[in-house]
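All remarks here apply to the structure that follows.
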Amino acid sequence: MQRITDKMRKRAEELIAEGKAVRFLGWEKGSFWWQSPPVEIKEASQTGRLNWDLFCTANLAKYLQQMQSAEGKTGVFVKGCDARGINRLLRDGAIDRDKTYLVGIPCPGMIDPDKVRSLVGDGEVTITQTEEGLSLQGPLGSRKVALDEVALDKCLTCRHPEPVIYDELLEGAAREAFTGDPYEEARELEDLGSDERYDYWAKELSRCIRCYACRNVCPACNCIQCVFDMDRPNWLDGATNLSNNQVYQMIRFMHVAGRCIDCGECERACPMGIPLRKLAAKVDKDVNELFGPFEAGLDPEEKLPLGTFDPNDPDSFE
Amino acid sequence: MTNELIPQVAKVVAVRRETSDVKTFTFRGEGGLPFAYMPGQCAMVSLPSVGEAMFSITSSPTQEDMEFSIKRVGLVTEALHKLTLGQAVGVRGPYGNGFPLEMLQGKDLLFIGGGIGLAPLRSLINYCLDNRADYGGVDIIYGARSPQDLVFTDELFERWPKVEGVQVQTTVDVGDETWQGPVGVVTKLLEELNPDPQGRIAITCGPPIMIKFVLRTLAKLGYQDDQIITTLEKRMKCGVGKCGRCNIGGKYICVDGPVFTVAQLRDLPDEL
Amino acid sequence: MSVDADWKPLIVGFCCNWCSYAGADLAGIGRMSYPATIRIIRVPCSGRVNPHFVIRAFQRGADGVLVAGCHPGDCHYSTGNFYTRRRYLLMQRLLEYMGIEPARFQVRWISAAEGAKFAQVVTQMTEEIQALGPNKKLRGGCTCKG
Amino acid sequence: MKAISKTALPDLFAALKGRVYVPVREGKGFGFAPWDGEIWPADYQNTIVPPKQILFPQTEDLYSFRMEGEDIAIDPASGPEEPIFIFGLRPCDHKGIELLDLVFRQGPYLDAPYSKRRDNTFLMVLGCKEGLPTCFCTSFGLEPAFAPGADWNMWDLGEVLLIEPGTAKGKELLDGLELFREATEEEVSQAKKLRDEARETITLQAPVEGITEGLQENFEHPLWEEVARKCLECGACTYLCPTCHCYDLQSTSVLGQGKRFRCWDSCMYCNYTLMAGGHNPRPTKRERVRNRFLHKLQYFPENHGEFGCVGCGRCLQNCPVHMDITRFMAQAKDVMAK
C-alpha cells in the first residue's frame, strides 16, 4: 500500500511539474480509519496528501464532469471501476479525453467497514497488510483475515479490477477477476412469486428517503438536468411514499440500463441500506440475456444496448 | 391553532392588462379584504393544482380591494395569467415587514422603480398620497425597457402628477415613435434631477442590476445607507420563516424582509 | 381474490398514430365488439412512449397498460419500434421483478389493417386483468408514508 | 429515581395511552417505528434517520382541494391527535427536537402541525453507554447519557432501566403507573457512573469556541470553494440531520382534485433556491455547502443563541464522500487564526 502511495505522490508531482496535468484527483486519508475520501490536488506541493489504501472506494470518474470547464488537463487515479466510469462518461460525450490524464492502479478490492466492525469493533482500528492477508486490530480484539472476508460485496464480484483505460499504469497486484455468476441474487428474487417480490421491494423501497445519493454518485447519471429535478413537467413530486420511491428507482435503473458499470457506488452511498445492486444486476442480466453479452464501460465507443437494435432481436410481443 | 400554510379562497373581481406580460388582478375574499396588510407586505397566491408563489401586494391598504401585479415568468404566473373574472384563487398572508412608515413620516420621499419593481412601490405611493399630510414632497422616477413595458400608466401619467407636491418622471431604455419623454436608464434621470438628500428617503425596487446602479448613484448624490430603502425578492415557499429557502445570511426575506435599508443590507452577506 | 362483480379493469393504451391507432379505429368502424376498458392515448410512434408514461399510468390508477405499435419493420419512421422493442422487453422484466403481474403490462404489434387483432388484444387483456382484480401496486393515491 | 425491569417494558408500552415509538432494526442500522410487541434491539446505538421524522414527517398532507367550476374547495388535513411517546431516543436527538422547537414553535408564526404534535409528545431519553467514533455531542455542551429537560432520562443497567423524570409531565406519568419500584442506592450510583463514563467515550471534538464570530468574517473566503469541491450535492446529510428543517410545499392532483403537502427539502439541491425567472442566488455548490455549514454554525446561533448542530455524527457517518463538519470547523479555525 505504502509503496503505491509513494508512487502516486511521486507521479502526481512529476506530472504536474511536467505540465501533463494541472491538477490531480485521488484519495486522501479521512478523519477515520474507514475513510479515504476523494481529494483534488492543485499544486505539486500538496501531493503528499494523496493516499492509497483499502478504503479508496469512491469512484472518481464522476468528478471529471465538474472539471470540464476548468483550464488544462485533470489527472485522475483510476481503479478498475473508476476506469469504467471514465469510459462511460466518454461514451456519453460528458467528458473530454484530451482533458484527462489517467493513471491506472490495479485494484486489490476495497474493504467494507461494517464487516471489519463486526469482527473487531469500531473506534481505534488498525489494519495492516501481511503476506497472508490482513491483520485487524480493534477494541474487540485482533483478527487475521483474508481480504475477501472483509471486502465490499461489490468488489467480490468485480470483473475488472484492472483499469481498462489509462495513460500509464502503476505497478501493483489486482485481485483476481470474478468469473462466476454475477446475477445469483437477482435470480433468487426472480424465483419468488409476484406478490412476494412486490413485498420484498415494498419493504426495501419504503425506506428510501430520496436523498438522491445513489444518483449523485453514479457515473451513469450524468445528465445536466435530471428529470427528477425538473418541475416542468413535474415527472415525480417530492412526496416520499412507496409509490413515488418505486417509480424513482425503476426509472433511474431504466435510465442507466446498459450503461451501469456495476461500481456499486449507489448501494454504498445509500444511507438506508437499500440493496440497489439487486436492481442493477437484474437490468444488467436482462440486457445480456436479451441483446447478447455486454459489459458497460469497457470501450469508450461501445454501442449502447438501448441506443441500438438488431432486427432479429427476440420478440415476445407478437 | 390555525395552520398558516392553508390559504383562504378569494375571487378575481377585476383583471387589468398592464403590459404584454404583466396583469393586475383584484382579489376579494368572502368578507371583503382577505386580510389586513400594510404597504410593502406580501402574500402567497395559489392555484392549488399548479402551485403557489409570493407576490408583493400592489394595492394600498387605503383601497377597498387587494391587488397584485403579476409578471408572467414561470409555471404559477403563467397559470395565474389565465385567470378570468369570478374564478377562485387561494391567498394567504400578509407576510413580511412592509415599509417602515414611522421612519418615512414627515420626510420627502424619492421613489425609484424599474419595470415590475414599481408594484410594491405603488402600494406605498398610494398610501402616502392618501395620507398626504403625513409626508413631504414625493418624487417618482420610473423606468422600463420600452413604452410598452410601462405599468400603471393611468397613475403614472394621470393620477399621480395631479396631486400637489408630486413629481413623476418616466423614462424608457428604448423609445419609439409615440414616446415623447426621456430615453435612457433611470440612473441617468436620477443624476439629472439630483434630488437633495436632506430630509429625504429614497425607496427603490427593480431588477437587481438596476438596484445595484441606483444605489451607486444615490451614494454619489450624497444619500446615506440608512436613507435608502429597497425591497427584495427570493424564492419562497412557506412565507413564515421556517422552510429555509429565502435566507440571506441569518435573515429570512419572508419575515425579516422584504424591506431593508441599505444600511441593514450592508450587514448581510452578499447573496442576492 | 374476491372482486366486485361489476368491477371492470381500466387499461391505458398507448397507440402509435400510424398503425395501432388506425387499427383501433378500424375495430370501431368494423363494429367489432370488445370491452370498453381501454383509454387510448395516441402517440406519434411507440418509440415515443417513455417508461415513465407507463409507470405514471399505474401510479394514477390504471389496472393495465398496453403499448401498441407497428409491426417491427413496418415503422413509419422506419426504426422507431425496434427501439421500443428493446426498451420494453427490458422494462417488462423489470416490472415483473418489482412484483407487477406480467399481464398488467403488455406490448403488442397491431397494424392499421388489424382491427380484429386490436379487439382481440383488448378482450384478452381485459379478461386476464379481470382475473387478477384491481391493481393496488404502484398506486400513488396517498401522499404520506404509513 | 425509579426502576423498571426490562421484561416489564411491554407492560409499560401497553399502558401508555397513545402511539409508542421504539428503536427497531431497519436496513443496515436502526430506525424508530411504532411498537409492535418486539423489544428494542440490544445493540442499538443510534438510528439512521433521527426521530425528527416523527414530529416533522418527511411528507405530510396539508389540505386537499377540489376545483368546482370557478370555485376551489379546501379541506384542511385532520391534524395528528394521538399522543406520541418516543422511547429510547438519545440525548443528542432530544436536543435536536429542542432546536426544532425553536424554529417551529417560536417567532411570529407557529407551525401548527408540528406544534400540535409536539404538545402531545412525551420524550423518554435513553442515555448512551458509549458513543460512536463519529459522535461529538460534548463539543456542543451535550452529555451522551443525560438530556436536561427531557420528560424522562433513562439508563440501561442491564436487567433494569433506571428512570428519572425531568418535567412535571414526566413525574406525573412515573407516579401514575404501578410498574416501577424505587431505585436502590446501588443502582443510582451505577447510573451516575454510567453517565460519567459515557462522557469519556466521546473522543471526537469539534472546535466551537469563537467559530460563529470567525465565520461571520469569512463569508467570501476561498476555503468554501475548497470544502465544497468534493460534495456531490445529494441530500443525505440534510435529511439525516436532526436539526435540518427545510421543507418544500408541493401539490399532486388529478383533474383538479388533489392534495397539497409538504415534504423535506435540502439546501444542497441545485434547484432549491432557483427562481422562476431563472436567477439562482446560490448557483453553485460552493454557495450551497457554505449555506449548510453557516446555517448550523452561524445563522442558528445568531437567531436562536444555540448551535444548529448537536454532534450526533450522522452527516459524517453517512456522507458518500466523507464530508466532515468537525474537520471543516478545524480548517475554518485555522483560517481564522491567520
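Remarks
- Residue match in the range B:68-87 (condition: without any contact (Cβ under 8 Å) to a residue 12 or more places away in the chain and under 15 Å from residue D:74 (Cβ atoms)): no
- Test result for residue D:252, at pLDDT 95 or above, of a type in the set (S, T, N, Q) and not assigned by TED's automatic domain parsing to the domain that holds residue D:53: no
- Subset of the range C:83-110 [surrounded by 21 or more Cβ atoms within 10 Å (Cβ to Cβ) and of a type in the set (Phe, Trp, Tyr)]: C:88, C:97, C:105, C:109
- Of the residues D:3, D:8, the single one that is outside any loop (DSSP other than H, G, I, E, B), away from every other protein chain (no Cβ under 14 Å), closer than 26 Å to residue D:171 by Cβ and out of contact with any Phe, Trp or Tyr (no Cβ under 7 Å at 6 or more places or on another chain) is D:8.
- Number of positions in the range A:122-134 that are exposed (fewer than 15 other Cβ atoms within 10 Å of the Cβ) and under 24 Å from residue D:132 (Cα atoms): 3
- Scope the range D:123-136; condition under 15 Å from the mean Cα position of the chain (by Cα) and open to solvent by less than 10 Å² (accessible area, probe 1.4 Å); matching residues: D:123, D:124, D:125, D:126, D:136
- Residue count for the range A:261-301, restricted to those that are under 19 Å from the mean Cα position of the chain (by Cα), more than 25 Å from residue A:114 (Cα to Cα) and assigned to a loop (DSSP other than H, G, I, E, B): 7
To keep it simple, each residue is scored yes or no on (1) in a loop (DSSP other than H, G, I, E, B); (2) within 25 Å of residue A:150 (Cβ to Cβ).
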{"position": "A:5", "(1), (2)": "no, yes"}
{"position": "A:8", "(1), (2)": "no, yes"}
{"position": "A:11", "(1), (2)": "no, no"}
{"position": "A:16", "(1), (2)": "no, no"}
{"position": "A:25", "(1), (2)": "no, no"}
{"position": "A:31", "(1), (2)": "yes, yes"}
{"position": "A:36", "(1), (2)": "yes, yes"}
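- Of the residues making up the range B:49-60, just one is more than 10 Å from chain D (Cβ to nearest Cβ) and out of contact with any Asp or Glu (no Cβ under 9 Å at 6 or more places or on another chain), namely B:55.
- Positions within the range B:217-246 being part of a strand (DSSP E or B) and either open to solvent by 40 Å² or more (accessible area, probe 1.4 Å) or touching a helix residue (DSSP H, G or I) at 6+ places or on another chain (Cβ under 7 Å) (or both), in sequence order: B:228, B:230, B:231
- In the range D:217-264, the residues that are part of a loop (DSSP other than H, G, I, E, B), facing another protein chain (nearest Cβ under 7 Å) and buried (at least 21 other Cβ atoms within 10 Å of the Cβ): D:230, D:232, D:234, D:235, D:240, D:245, D:246
- Qualifying residue in the range D:306-326 (condition: buried (at least 24 other Cβ atoms within 10 Å of the Cβ), within 14 Å of chain B (Cβ to nearest Cβ) and at pLDDT 95 or above): yes
- Residue in the range C:111-133 that is open to solvent by less than 10 Å² (accessible area, probe 1.4 Å), facing chain A (nearest Cβ under 9 Å) and touching a Pro at 6+ places or on another chain (Cβ under 9 Å) present: no
- Residue check, residue B:191 assigned to a helix (DSSP H, G or I) and under 16 Å from residue B:117 (Cβ atoms): no
- Looking only at residues of the range D:280-321 that are within 17 Å of the chain's Cα centre (by Cα) and among the basic types (Lys, Arg), we find that the one that is farthest from residue B:208 (Cα to Cα) is D:314.
- Checking residue B:110 against (1) farther than 15 Å from residue B:40 by Cβ; (2) assigned by TED's automatic domain parsing to the domain that holds residue B:24, the condition it does not meet: (2)
- Where a residue in the range A:97-109 is in the same structural domain as residue A:54 (by TED's automatic domain parsing) and its partner, wherever it lies, is hydroxyl-bearing (Ser, Thr, Tyr), with Cβ under 6 Å and at least six apart: A:100/A:74; A:102/A:166; A:104/A:166
- One residue stands out in the range A:40-62 among those that are facing another protein chain (nearest Cβ under 8 Å) and surrounded by 24 or more Cβ atoms within 10 Å (Cβ to Cβ): the one that is farthest from residue A:259 (Cα to Cα), namely A:58.
- For the range B:38-54, the condition of being assigned by TED's automatic domain parsing to the domain that holds residue B:87, open to solvent by 20 Å² or more (accessible area, probe 1.4 Å), in a loop (DSSP other than H, G, I, E, B) and in contact (Cβ under 8 Å) with a residue 40 or more places away in the chain holds for at least one residue.
- Here residue A:234 fulfils each of the conditions (1) open to solvent by less than 10 Å² (accessible area, probe 1.4 Å); (2) within 10 Å of chain D (Cβ to nearest Cβ); (3) of a type outside the set (Val, Ile, Thr) apart from (1).
The values are calculated or read from the model by the stated rules, or taken from the named source; none is laboratory data. A quick note: this is a predicted structure, and the numbers were derived from the prediction, not measured. A quick note on method: Cβ atoms are made from the backbone with ideal geometry, for glycine too, and the neighbour counts reach across all protein chains shown. The area values use the complete protein model at the heavy-atom level, side chains included, leaving out ligands, DNA and RNA. Shrake-Rupley method; radii C 1.70, N 1.55, O 1.52, S 1.80 Å.
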